Amino acid sequence: MIRVILPAHLRTLARLSGEVALEVKAPATLGRLLDALEAAYPVLEGTVRDHTSKERRAFLRYFACKQDLSLEGADHPLPEPVVRGEEPFRIVGALAGG
Amino acid sequence: MSSVRVFVGTRKGAFILTADGKRKQWRVSGPQFAGWEIYHLKGSPADPTRLYASQTSDWFGQVVQRSNDGGQTWEPVGNKFVYDGTPGTHQWYDGTQHPWEFKRVWHLEPSLDDPDHLFAGVEDAALFETRDGGATWSELPGLRATKGNLWQPGAGGLGLHTIVLDPSRPGRMYGAISAAGAFRTDDAGSTWRPINRGLHSQFELPDPDAEVGHCVHRIAMHPGRPDVLYMQKHWDVLRSDDAGDLWHEVSGNLPTDFGFVIDVHAHEPETVYVVPIKSDSEHYPPEGKLRVYRSRSGGDEWQALTDGLPQQDCYVNVLRDAMAIDRLEPCGVYFGTTGGQVYASPDSGDHWSPIVRDLPAVLSVEVQTLP
């Protein structure tokens with residue numbers, strides 16, 4: 001299972017209290033992980049990626065294993081420690097605004 | 001005994017203020033959706049327990065919330081707003097063309113007779129509709145076909161901020177957009193036409209006969225006299241007696257004709273309220289005095305209402321969706337400020353007091369009158 005840590009506002013919206021554990025079909029890629037997240041929690045559709053273009057929302061970033069994966073494409077493979085569930089995949093809101 | 005429920009959308013959540021018909025003692029609940037911008041909340045006229053809220057964030061985009069119990073509990077519904085067909089372009093600040101991009105829902109307008117039927121005015125300006133309680137949304141593209149390529153965002157964005165339904169003519173509806181103007185449909189949103197004749201925007205539009213491009217801030221109607229419309233434009237307060245076909249200025253003796261809100265008394269169709277704001281760039285009350293102005297003659301002659309409102313050192317703004325009027329006798333008038341105050345007058349504006357003083361900046365105020 002792949003572990004995902006969401007920003008607090010999205011945890012509230014999805015009525016989650018902690019990490020999300022997701023089954024992602026191999027090969028596990030960035031796009032497949034986000035597809036699985038939205039399938040498990042449809043309320044998150046449109047809040048991480050645009051509904052139609054599937055582009056990441058501008059003020060969110062993706063991090064895993066100390067790497068910034070924000071600019072990687074949907075086919076980018078997830079790091080092995082994330083696939084094995086040893087490390088979480090983090091969706092992080094930009095520290096900006098009031 | 002009758003009661004009222006005031007919905008307040010703020011920069012950091014939603015609040016619900018309730019009182020009995022005397023409107024003296026208030027109960028404040030919230031914040032709901034803490035930390036999110038709540039552009040607007042509104043209840044269905046057909047079922048007052050059915051509420052909708054526009055919850056939005058620069059980080060996480062748009063969420064629409066629905067309540068079936070008067071705001072005690074909420075559930076997110078559909079948030080997929082996709083423009084019909086190829087979205088095309090509108091005018092950008094520098095005069096170039098810019099692609100249409102959905103940003104947020106500014107205003108939610110439930111239909112008069114079906115709690116599952118709702119309109120949403122969005123930025124970039126377009127009108128969306130749901131007939132399944134918000135689960136799915138579709139655009140009514142005829143509005144943007146009305147010279148949408150010439151619409152240009154105001155300083156606050158290209159938002160469809162006003163939707164007014166005519167209770168006497170099914171299918172007649174008004175919309176207003178900054179900075180495109182006012183529009184009317186007579187066929188439930190399929191086709192629209194600009195209704196901006198008589199508007200003068202000489203500082204923004206060199207063409208005195210421009211059909212679109214006017215910075216309309218708000219339109220108001222009394223349901224008992226639906227052909228009479230009142231408008232607060234960027235500059236000028238105006239009135240139309242023929243459903244928007246022709247407008248004439250009624251700013252009269254106002255200290256400034258700039259402002260955002262305008263609303264009509266519940267029982268007196270010729271009694272109108274505005275809050276003059278100093279502009280172009282300052283956007284606070286003239287002389288630091290927060291004054292509601294009331295006209296009992298349908299405009300032109302205005303009386304300052306000050307009892308209970310701060311008359312010195314007040315530098316807040318009152319945004320376009322932040323005034324509402326209940327249906328009690330005498331009617332109550334409510335407005336919210338960017339300083340976080342919500343003021344109420346239980347006697348049609350004669351006396352005011354704050355319900356709350358320290359909310360986040362208020363974006364919208366609506367009121368339900370409950371039996």
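Peptide packing: for B:229-241, B:340-352, the average count of neighbouring Cβ atoms within 10 Å per residue gives the ranking B:229-241, B:340-352, highest mean first. Projecting the Cα positions of A:Leu44, A:Val82, A:Thr12 onto the charge dipole of the protein assembly as shown (unit charges on Cβ atoms of Lys, Arg, Asp and Glu, taken about the Cα centre) puts A:Val82 furthest along the positive direction. The listed peptides B:200-207, B:174-181, ordered by packing as a protection proxy, come out as B:174-181, B:200-207 (highest mean of other Cβ atoms within 10 Å first). Peptides B:50-57, B:85-92 ordered by packing proxy, namely the average of other Cβ atoms within 10 Å per residue, highest first: B:50-57, B:85-92. A simple count of charges around A:Val82, restricted to other residues whose Cβ falls under 13 Å of its Cβ and scoring Lys, Arg +1 and Asp, Glu -1, yields 0. For the stretch B:37-51, the Karplus equation 6.51 cos²θ - 1.76 cosθ + 1.60, evaluated at θ = phi - 60°, returns couplings of 6, 10, 5, 6, 10, 7, x, 6, x, 7, 8, x, 7, 8, 10 Hz by residue, with Gly and Pro reported as x. For chain B, a crude dipole built from +1 on the beta carbon of Lys and Arg and -1 on the beta carbon of Asp and Glu, taken about the Cα centre, is about 820 debye to the nearest 20.
Where the only charges are on Cβ atoms (+1 Lys, Arg; -1 Asp, Glu), what is the dipole of the protein assembly as shown about its Cα centre, to the nearest 20 debye?
Working: 46 positive and 62 negative charges, 253 e Å.
Rounded to the nearest 20 debye, it is 1220 debye.
Could you work out the helix-only [θ] at 222 nm for chain A, with each DSSP H run of four or more residues adding -39,500 (n - 2.57) and the total divided by the number of residues, to the nearest 500 deg cm²/dmol? The partial results should precede the final answer.
On the way: 3 runs with 21 residues, N = 98.
Computed ellipticity for chain A at 222 nm equals -5500 deg cm²/dmol.
Rounded to the nearest 5, what % of the DSSP beta bridges within the protein assembly as shown are antiparallel ones? That works out to approximately 95 percent antiparallel.
Fewest to most neighbouring Cβ within 10 Å: what's the order for A:Val24, B:Val264?
The fewest-first ordering by Cβ neighbours comes to A:Val24, B:Val264.
The Cβ shell under 9 Å around A:Arg57 holds other residues with a net charge of -1, Lys and Arg each +1, Asp and Glu each -1. Residue by residue along B:58-69, Cβ atoms of other protein chains within 10 Å of the local Cβ number 4 on average. Which entries in A:Lys25/B:Lys80; B:Lys12/B:Lys289; B:Lys80/B:Lys233; B:Lys12/B:Lys103; B:Lys42/B:Lys278; B:Lys103/B:Lys147 show an alpha-carbon gap greater than 24 Å? Pairs exceeding 24 Å: A:Lys25/B:Lys80; B:Lys12/B:Lys289; B:Lys80/B:Lys233; B:Lys42/B:Lys278.
Sparsely packed loop sites in the stretch A:2-98 (the GluC sites (Glu not before Pro) outside DSSP H, G, I, E and B with at most 12 other Cβ atoms within 10 Å) comprise A:Glu23, A:Glu55, A:Glu86.
Per-residue mean of foreign Cβ neighbours for A:4-11 is 2 (Cβ atoms of other chains, 10 Å radius). Once backbone amide H atoms are built at 1.01 Å from N, A:Thr29 has A:Leu78 as its partners under 5 Å, excluding neighbours fewer than 5 places away on the same chain. Of the residues B:Tyr52, B:Pro115, B:Gly70, the one whose Cα sits farthest towards the positive end of the charge dipole of chain B is B:Gly70 (charges of +1 on Lys and Arg Cβ, -1 on Asp and Glu Cβ, taken about the Cα centre). Estimated from the Cβ-Cβ distance and a Förster radius of 60 angstrom, the FRET efficiency linking B:Gln312 and A:Val92 is about 0.85.
To the nearest 20 debye, what charge dipole does the stretch B:226-371 have about its Cα centre, counting +1 at the Cβ of each Lys and Arg and -1 at the Cβ of each Asp and Glu? Please report the intermediate quantities before stating the final value.
Details: 10 positive and 24 negative charges, 95 e Å.
Value, rounded to 20: 460 debye.
Where a number appears in this text, it was derived from the coordinates with a stated rule and is not lab data. Predicted, not measured: the structure shown is a model, and the values here were computed from it. No Cβ is skipped: glycine too gets one built from the backbone with ideal geometry, and neighbour counts run over all protein chains shown.
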